[in-house]
Amino acid sequence: MKSYNTGFFIVFLLISKLLSCEAKSKPNIILINVDDLGWRDLGFMGSNYYETPNLDKLAGEGIVFYHAYAAAANCAPSRACMMSGMNTPKHGVYTVDDSERGNAKTRKIIPTPNRDFLPDSIYTLAMMLKDNGYKNGTFGKWHINKDPLQHGFHVNVGGSYHGNPGRKGYFSPYKIDFIENGPDGEYLTDRLTTEAIKFVEENKGNPFFLYLPFYSVHTPIMGKKELVEKFENKPGSGGQDRADYAAMVASVDENIGKLLGVLDELNLTENTFLIFTSDNGGIRDISYQTPLRAGKGSYYEGGIRVPLIVRWPGNIPAGSKSDFPVTQMDFYPTIRSIVGGEQRPEDVMDGWDISPLFRQEAMDERPLFWHFPIYLQAYNPKEDDGKDPLFRTRPGSVVRKGKWKLHHYFEDGDYELYDLEEDPGEIDNLAESQLEIRDRMIGMLNNWREGVNAPVPSQRNPLYDKEFEINLINESLNE
């Protein structure tokens with residue numbers, strides 16, 4: 001009897017050890033998503049004004065994608081696409097709040113209605129990781145329903161439907177949900193990082209998914225006083241010169257450095273798959289992304305191209321670089337592949353598993369699509385460099401394949417075609433001179449829209465007034 005019990009105990013220990021090894025072999029997942037951080041607002045992306053030493057170091061430890069894209073040009077739809085792996089027509093989140101933005105007299109057609117929240121029926125990235133044994137925590141801006149705990153997270157600090165921290169909201173007392181106030185004057189970016197580090201420390205023995213979507217650097221632009229003063233004495237250049245914004249970027253970098261240091265101290269770095277990105281392009285009125293055109297809310301490159309670093313020691317060679325166009329919808333299928341999650345028959349995603357790129361393996365380039373049957377009014381008509389002075393974008397779709405990018409606007413059936421290799425600023429419209437390429441891209445776009453049931457609004461707006469629109473454009477440019 002004693003021998004039997006001893007043998008049973010040994011078998012039990014072996015099984016427990018195997019299960020423990022299996023659990024620990026799954027990498028931890030960290031996804032850092034900065035809000036409204038522009039493609040060139042970092043040292044490793046070419047900025048001489050913003051200071052990001054920790055992110056510059058991180059960029060040298062993994063792979064930098066120079067043609068990485070958000071799936072949408074503003075906050076909520078981008079996040080909905082990232083968490084679902086699906087493009088906007090499949091979940092219906094096209095913008096923030098109302099799709100009828102701007103003056104009604106300047107909108108030629110009735111835009112598609114917008115869905116505010118990601119449908120509960122969608123099996124999110126967090127749900128998939130939860131079902132694969134991960135402990136999930138989110139710390140910061142959520143923006144795609146009232147509570148991320150309903151979408152697969154175990155822990156939530158600061159995340160709800162709010163899209164920004166509110167007036168003067170970067171300093172405690174806070175104006176967002178699911179967070180306790182800290183000492184008066186505590187900085188929100190610091191606090192969220194402290195909470196994220198606590199989560200890592202509490203879950204260091206098991207696989208975890210840390211989603212760190214900072215509210216920074218979204219408006220209101222509010223940096224720490226000492227950092228603002230530092231950058232006030234530093235000369236800017238090329239449309240990058242706001243000290244208060246630079247202070248916010250510096251705080252994000254400082255806090256990411258703290259998190260990376262904790263991973264090192266806990267010996268977690270080697271077994272952590274880490275992504276750093278931004279949810280969409282930066283606001284051009286705050287920071288230029290030259291040579292890219294426009295910014296947040298626009299489907300020119302400055303509105304959708306974003307910084308992207310992926311680090312996974314031992315699996316991604318340090319110092320790697322890639323010009324292969326990728327999208328944030330690729331995160332979900334890539335992470336699912338890495339952790340060994342199963343693809344459910346009903347999960348038809350628009351992203352790809354891009355892990356072969358981590359190993360420098362070739363992949364066939366696919367077309368990337370954007371669909372935005374809505375209006376987004378201008379921030380600053382003189383600075384936005386968007387579709388026109390009144391709108392950062394008007395209803396339409398976009399496709400990129402190889403070096404070619406086609407815009408299709410629904411109001412008048414207009415097309416714009418750009419060669420991104422020669423013209424990353426999307427200045428020279430080749431739609432009338434490169435007819436064969438244009439028509440091939442149009443066919444590609446039409447087939448995709450039909451395949452995903454993308455709504456194409458065409459009903460004329462009875463309130464539209466052409467003379468009023470022309471006068472308003474002239475007024476906005478002459479102010």
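The values are calculated or read from the model by the stated rules, or taken from the named source; none is laboratory data. As the structure is a prediction and not an experimental result, all values here were calculated from the model. Backbone-built Cβ (ideal geometry, glycine too); neighbour counts: all protein chains shown.
Observations, loosely collected:
- Matching residues in region 376-394 - criterion: being outside any strand (DSSP E or B) and in contact with a Lys or Arg (Cβ under 9 Å, 6 or more places away or on another chain): ALA378, TYR379, ASN380, GLU383, ASP384, ASP385, GLY386, LYS387, PRO389, ARG394
- Residue within region 365-381 that is farther than 23 Å from LEU37 by Cα, surrounded by fewer than 20 Cβ atoms within 10 Å (Cβ to Cβ) and at pLDDT 95 or above present: yes
- Region 304-331: number of residues that are more than 10 Å from TYR69 (Cβ to Cβ) and in contact with a Cys (Cβ under 9 Å, 6 or more places away or on another chain): 0
- For ASP428, the conditions (1) in a loop (DSSP other than H, G, I, E, B); (2) in contact with a strand residue (DSSP E or B) (Cβ under 8 Å, 6 or more places away or on another chain); (3) buried (at least 18 other Cβ atoms within 10 Å of the Cβ) are fulfilled apart from (3).
Here's the yes/no breakdown for (1) outside any helix (DSSP H, G or I); (2) among the hydrophobic types (A, V, I, L, M, F, W, C); (3) modelled with pLDDT under 95; (4) closer than 24 Å to HIS162 by Cβ:
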| site | (1), (2), (3), (4) |
| --- | --- |
| TYR211 | yes, no, no, yes |
| TYR215 | yes, no, no, yes |
| LYS230 | no, no, no, no |
| LEU259 | no, yes, no, yes |
